[in-house]
Amino acid sequence: MRRFFRKRKILGARSSREGKEAGLTMVAVLVAFTIAMVAMLGSLVYLTASTKYSRVEQDSDRALAAAESGLNDLLARLRLDPGYLEDMVAKAGDAASYCRHPATGGPTGDKDLFAKDCGWDANADIEWDKVGGSDSVGQYYHLAVTAYWPASRTVEVMATGKSQKVVRSLKASIAPETTPLWLYFSNYELSDPTDPITYPPGPTGDGYYGGSQLTSGACGGYGAGGAAAREDLTYAWKLKEPGNKKPARVYSSLTAVGLPCKEPTFEGWDSLNGPVHSNDTIRANKSEFLGEFSTADPACQAATSTNELSWQKCVAAGGSAKFSQAPKHSPVKDMPSIASAAAESGKGTGCFYQGPTRVIFEGGGKMRVWSKQTEAANARAACGDPGALASDGGALVDVPADGLIFVAEAPKAGHTQIPAGGIGGPNKDGYRLPLGNYSAGMKPLPGAKYTAERVMMRQDQFADLANLYVEGELSGRVTLAAQGTIVVTGDLLTADDSQDLMGLSASTIEIYNPVTEDVAVSCLGGASNCMWTTPSNAVHQAGKLKDYDGRPEVLTIEAALHASDASFRLQNWKDGGKLGLLEVKGSIAQMFRGVVAWEEDSGALISGFEKSYSYNEQLREGSPLLFGPIENGTWVIRWLEKVTPADRLKG
């Protein structure tokens, strides 16, 4: 019995230990299970959050894509009907008009410029159009015009896309192509046929200096056929096309000897930092093109994006250039005429002046103006009364808020040479224009003599013509347009590169390079038969006009330049020696290639400027200048940015 009891006791002790071990194992299992459950639940929470975030991110991308669809839809409508927005009110009942577009309805408080004209009210519902025309796509967009400039047909629009409950907005500027979208734009890469230094005038006729232009139509001149000879103009690349029977480019000298046309070349010291386009073949000699480059020359079609050697096919044969990116072939883009908005509005807006006019911007939103031929009936009080405009001190007025300074011809002024100081002045250096001592009362008598600027003796610079002379520092946004020539007489700057903007639009734009000449009297058959002789003795004006940017040997122009019928060129470019650096920060558009420097055959600079041209992005992003659209251009998105959607759209 004792043994049995003892055995049972021992057996009982062994069973107790085993139970304790089993209990510990169970606890460990439960702890491990709990940890696994927590980990699994955490993973599920993470996966759920990640899935939710991914969905929101996906909807955000889809909403942006929907907004882009809205912009592209408006762009397509404008390309089909350029008057889509201009005729908006008259077409309010038309299903094709802006007001009837499914994506444009909304409250007047939604910052839509046309909301009231469309008949919407403050409580109107937000309207959305379906991407792809179907709800199954699940993407929608809303459009709102936030600004519109009819003169330049520029529209600022906010497009909002929606996917599920996520909305995203894009703001964009849409406008027709204009020349300020390029740093450099040219129609013909020919020397300007109206430049009397390149193609000297003849002794008779009614051309410059009383002579006539004898350049042939093949060079871009008028020749014996007059203006009709322009019909013979030909791009350099067209002369190479099979079947083209036009003659090689030559011009007739004063002795009727055929000479090769004078075609300018960008040289190794020239740098163009911005988009470049020419309808003609650009000549280049180791020049740098630091931006987009396009030409209508068909040879450029053979240039590949991977072979830099083939890129040389986009410049004239035998030339070379350094491209920062692959050049492209582009269709011909017709050069627009003088700023159409300015020409159409005339004296109805901005500041309207007549005859030779001088403007000096003085900063602070002010400008000083001389315009002696502006008639009282056409003068606007805000732009200076005739008495002040004709005075020695000129009229100090505000830069026009509506952004236009327009100069037209003075029909009542005689077609005569302007006397010394007859345009206006002085500027900061005391210069009155024009220089010299010519007086309107001078008569061709024996022994008489006067000194005058060579340029001012040209027929296109006489007292009745619409020529504008400008310099200084601008505060504001303005387009200066003239029916004749604009002459930049000194540094032309903008006070704030991020806000101020300037455009110059005229038939010809010149850089002032004063050269005076002595004019004497020749008497044939006695004192009663005297006449002024052709100038013969050049007297070079010492020094330059004031550099407003304080840098000697640098002339700076911060503006968009548009020479619609001729070119942007330097006056008297064979005189004055090396003038330093011409720095253009903006854009240059010209019908013909203007000359700003003269060089030897070896490439050494003799006179004029080296060039440094850089693009001003404000011309793409800022409020538009009053420049006419390219005639065969298309509508483009000038700039695009993400913005915060309006509160009503978020809801």
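The values are calculated or read from the model by the stated rules, or taken from the named source; none is laboratory data. Since the model is a prediction, treat every value here as computed from it, not as a measurement. Methodologically, a virtual Cβ is constructed for each residue, glycine included, from the backbone with ideal geometry; neighbour enumeration extends over all protein chains shown.
Within segment 194-201, does at least one residue satisfy the condition of being under 17 Å from Met335 (Cβ atoms), at pLDDT 85 or above, in a loop (DSSP other than H, G, I, E, B) and not assigned by TED's automatic domain parsing to the domain that holds Gly291? The answer is no; no qualifying residue exists. Residues that are assigned to a loop (DSSP other than H, G, I, E, B), modelled with pLDDT of 90 or more and either under 20 Å from Arg380 (Cα atoms) or of a type in the set (S, T, N, Q) (or both) within segment 417-442 comprise Gln417, Ile423, Asn437, Ser439, listed in sequence order. Against the numbered list (1) assigned to a loop (DSSP other than H, G, I, E, B); (2) under 28 Å from Gly430 (Cβ atoms); (3) modelled with pLDDT of 80 or more, Leu545 comes up short only at (3).
Among the residues of segment 569-584, the one identified as surrounded by 20 or more Cβ atoms within 10 Å (Cβ to Cβ) and without any contact (Cβ under 8 Å) to a residue 60 or more places away in the chain is Val584.
Yes/no matrix, rows are residues, columns are (1) in contact with a helix residue (DSSP H, G or I) (Cβ under 9 Å, 6 or more places away or on another chain); (2) crowded, with 16+ Cβ neighbours inside 10 Å; (3) modelled with pLDDT of 85 or more:
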| residue | (1), (2), (3) |
| --- | --- |
| Glu263 | yes, yes, no |
| Asn285 | no, yes, yes |
| Pro331 | no, no, yes |
| Asp334 | no, no, yes |
| Lys347 | no, yes, no |
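Scanning segment 122-135 for residues that are exposed (fewer than 14 other Cβ atoms within 10 Å of the Cβ) and touching a strand residue (DSSP E or B) at 6+ places or on another chain (Cβ under 9 Å) gives a single hit, Gly132. Considering only segment 367-379, I want to know if a residue exists there that is in a strand (DSSP E or B), within 26 Å of Ser567 (Cβ to Cβ), modelled with pLDDT of 95 or more and among the charged types (D, E, K, R). No: zero hits. Of the strands (runs of 3 or more DSSP E) contained entirely in segment 450-541, those carrying at least 2 residues that are under 22 Å from Lys366 (Cα atoms) fall at 468-474, 477-482, 485-494, 501-506.
On the given criteria, is Gly393 of a type in the set (Gly, Ala, Ser), surrounded by fewer than 21 Cβ atoms within 10 Å (Cβ to Cβ) and part of a loop (DSSP other than H, G, I, E, B)? When the stated conditions are applied, Gly393 passes them. Counted as qualifying within segment 581-651 are the strands (runs of 3 or more DSSP E) with 2 or more residues that are under 26 Å from Leu233 (Cα atoms) and in contact with a Leu (Cβ under 9 Å, 6 or more places away or on another chain), namely 597-599.
Here segment 424-440 is the region considered, the condition is being touching a helix residue (DSSP H, G or I) at 6+ places or on another chain (Cβ under 9 Å) and of a type in the set (A, V, I, L, M), and the residue that is surrounded by the fewest Cβ atoms within 10 Å (Cβ to Cβ) is Leu435. Applying the condition of being at pLDDT below 80 and among the charged types (D, E, K, R) to segment 600-642 and asking which residue is nearest to Asn72 (Cα to Cα) yields Glu621.
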